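Structure first, commentary second.
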Amino acid sequence: MEEIIPDEGKLYWSIGEVAALFNVKPSLIRFWEKEFPQIKPHKNKKGDRLFTREDVKTFGLIFHLVKDRGYTLQGARDHLREKPEGISTTADVVEALKSIRGFLVDLKKEISDNEE
């Protein structure tokens, strides 16, 4: 995943789009929505979840804490509760690092292709 949020102009993401961004099933997003009060999607009249940029960033931070760093759900909840002011900053850093990693992977591939 090169970037957590690919479309800068977009206001809302569906649960399927968020699931695709993180390569997870929608059921995980629904589960984490119940487990983490920081994720608060809007719901339309049909009951479809609509996630804001901040929701997606928060989900990205939770994903990073749980999947990448090995936190338990309780540990991730504690981290978010103890450092609420750092949530968006940390999510922004994670997003930037993933973007940089994607760029470097592409650059390495381009260099390898040119050497052949």
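Quick one: would you say Lys98 is surrounded by fewer than 13 Cβ atoms within 10 Å (Cβ to Cβ) and at pLDDT below 85? In short, no.
Answer yes or no: is there a residue in segment 64-85 that is among the β-branched types (Val, Ile, Thr), at pLDDT 90 or above and touching a strand residue (DSSP E or B) at 6+ places or on another chain (Cβ under 9 Å). No - not one qualifying residue is present in segment 64-85. Figure legend. Inter-residue proximity from segment 4-22: first residues farther than 19 Å from Asn44 by Cβ and in a loop (DSSP other than H, G, I, E, B), second residues modelled with pLDDT under 75 and not β-branched (Val, Ile, Thr), beta-carbon distance below 6 Å, spacing 6+ or different chains. Indicated pairs: Ile4/Glu95. Scanning segment 14-31 for residues that are among the aliphatic types (A, V, I, L, M) and under 11 Å from the mean Cα position of the chain (by Cα) turns up Val18, Ala19, Ala20, Leu21, Val24, Ile29.
Pairing residues of segment 66-90 that are at positive phi and in a helix (DSSP H, G or I) with residues that are at pLDDT 80 or above and exposed (fewer than 12 other Cβ atoms within 10 Å of the Cβ), at Cβ distances under 7 Å and at least 6 apart in sequence or on separate chains, gives no pairs at all. Within segment 23-41, at least one residue is on the phi > 0 side of the Ramachandran plot and among the polar types (S, T, N, Q).
Only residues that are loosely packed, with under 12 Cβ neighbours inside 10 Å and at pLDDT 90 or above were counted across segment 1-24, and they come to 1.
Against the numbered list (1) out of contact with any helix residue (DSSP H, G or I) (no Cβ under 8 Å at 6 or more places or on another chain); (2) within 29 Å of Gly9 (Cβ to Cβ); (3) in a helix (DSSP H, G or I); (4) not small (Gly, Ala, Ser), Ile29 comes up short only at (1). Annotation: Lys46 fulfils all but one of (1) surrounded by 15 or more Cβ atoms within 10 Å (Cβ to Cβ); (2) modelled with pLDDT of 90 or more; (3) of a type in the set (D, E, K, R); the unmet one is (1).
The values are calculated or read from the model by the stated rules, or taken from the named source; none is laboratory data. Bear in mind that the values here come from a model prediction, so they are computed numbers and not experimental data. All Cβ positions, glycine included, derive from the backbone under ideal geometry; neighbour counts span all protein chains shown.
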